[in-house]
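Comments concern the structure below.
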Amino acid sequence: MILDDKVIMSLPPPPPYLPTPGMQPGSPTLPNPPPPFYESQQSTNQAQRPLKLSAFPSHILLQIVYNAFPSLDKGLVERQRKVLLWLAKSLRLVNKSFYIACMHVLRSTYLPAYTSMLRPYYSSDPFPSTPVPRAHSNSLNTVQRETPVLDLFIALKVREDVFVDDSELHLEREDMFKDIFDHAQPKARRCNLHFGIPLKPIVEQQHCRPVKYKIALTYPKSFPVSRFHNALLDFPILLCLPASRMSEAITEQALAHAADTNYLVRQSMNTGYQAMSLLAPPLYTVFIIARKGRSAWSLNRFLRATWIGGVGGSAVFGGAAYIRYANSTFEATRARRIDSAYDTSRIRREDHSTIGVVLMGVLTPALLWKRAAAVNLILGGAGLGSSFGVLTHYGRLLSGDAPEKINIQVHGNTS
């Protein structure tokens, strides 16, 4: 078959789809061309804008997104999770219309899982229920602080679900959602509850002073920031609230002060245990040899003196820290807690001490089982291991292997 384009182009256009009024049937002349040719002739000067899928109404787009899922009757739950991952990683990034439709599906799907993982007695309202201010004219923005937290949870959950379906060897981490539900969700929910409360200055309550914190952190490149997210609570700022909420604000500040005091007391108890576990063995040896001679020294008493000294040092240091910080101001206690939480030298010393406690607590009974009592072997070996860990830390400091410091500045403004 040979097609001659010259002959084809010389032929008249096909007949119209509908007969033209006044046109004789079977007439060879066509007063009106078909619609495609008519549109092409009229649009020579002004280009026609092509229709896109995103131009459909929102309810039609939502129905299209829903139809992308396989039916549950076939039992293809794994395919549905892969479709959800595709919505989160690809389709919602196309444009605004697809973003709204995909987020509607993702949020409604994962909202039950999100609410089931909330901490006890914590409330949640992640969907925006307040009007958008003029400053946020974009419909994608919302004054609800918890909505982005839900979106972060969805991005992590949909990825982990697909990984679990793909391989039985994939294990979910226990602390995977810890930062979200221990830090981000309570903070966002508190901001939502405080939104819209009128702030009024208080002049009759002289003991209530607004506190404003400015924190500047400079992390080294190799510093593991994530391990300190749970060690540092939100900074409760005492707002100048109306008189009806003054008692609640004071109670929150008192609870925050108590939490800071408990944290510092625990750190002081660890320091006391490490210090006295290091000092008790040589002091006991010198005392026994000086008073009773070398024959009076025994391994059982040596180990017993080691762990008793560590427990005693922990009690003394903890009691002194409680007396000190319980009677300090809220600003001083919070500043001290921040410094302690980001003290890299103290953190490495505690890590070395913990490793030594575990190793020596196991090795000492295994090597010297019948040389002393079992309790003294385990507890005394743990005390010696703590001493070895502390000595290792200070040995690394003297050799020039010091941990990188974090530059932190906390300014408390009580004006």
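Only a single criterion out of (1) modelled with pLDDT under 70; (2) surrounded by 15 or more Cβ atoms within 10 Å (Cβ to Cβ); (3) part of a loop (DSSP other than H, G, I, E, B) is not satisfied by Q144, namely (1). Annotation: T333 fulfils all but one of (1) over 30 Å from F302 (Cβ atoms); (2) among the β-branched types (V, I, T); (3) in contact with a Gly (Cβ under 7 Å, 6 or more places away or on another chain); the unmet one is (3).
Take I347 and decide whether it is without any contact (Cβ under 8 Å) to a residue 60 or more places away in the chain and assigned to a helix (DSSP H, G or I).
Working: without any contact (Cβ under 8 Å) to a residue 60 or more places away in the chain: yes; assigned to a helix (DSSP H, G or I): yes.
In short, yes.
A320 - would you say it is at pLDDT 90 or above and in a helix (DSSP H, G or I)? Yes, satisfied. For region 147-176: of the residues being in a loop (DSSP other than H, G, I, E, B) and either open to solvent by less than 40 Å² (accessible area, probe 1.4 Å) or among the charged types (D, E, K, R) (or both), which is modelled with the highest pLDDT? Here the answer is M176.
Within region 303-326, can one find any residue that is in contact (Cβ under 8 Å) with a residue 24 or more places away in the chain, over 21 Å from G272 (Cα atoms) and surrounded by 15 or more Cβ atoms within 10 Å (Cβ to Cβ)? Working first, answer last.
Start the filter on region 303-326 by keeping residues that are in contact (Cβ under 8 Å) with a residue 24 or more places away in the chain, which leaves 303-318, 320-322, 325-326.
Still in the list and also over 21 Å from G272 (Cα atoms): none.
So far as region 303-326 goes, no, none of its residues is in contact (Cβ under 8 Å) with a residue 24 or more places away in the chain, over 21 Å from G272 (Cα atoms) and surrounded by 15 or more Cβ atoms within 10 Å (Cβ to Cβ).
The number of residues in region 350-393 that are part of a helix (DSSP H, G or I), in contact (Cβ under 8 Å) with a residue 40 or more places away in the chain and of a type outside the set (D, E, K, R) comes to 18.
Just to be sure before I move on: is A373 at pLDDT 90 or above and open to solvent by 20 Å² or more (accessible area, probe 1.4 Å) in the structure I sent? Reasoning before the result, please.
Values: at pLDDT 90 or above: yes; open to solvent by 20 Å² or more (accessible area, probe 1.4 Å): yes.
Taking the combined requirement at face value, the residue satisfies it.
The values are calculated or read from the model by the stated rules, or taken from the named source; none is laboratory data. What you see is a predicted model, and the numbers here were worked out from it, not measured in a lab. Every residue, glycine as well, gets a Cβ built from its backbone with ideal geometry; the counts of neighbours run over all protein chains shown. Quick note on the areas: whole protein, heavy atoms, side chains included, nothing else; ligands and nucleic acids left out. Shrake-Rupley method; radii C 1.70, N 1.55, O 1.52, S 1.80 Å.
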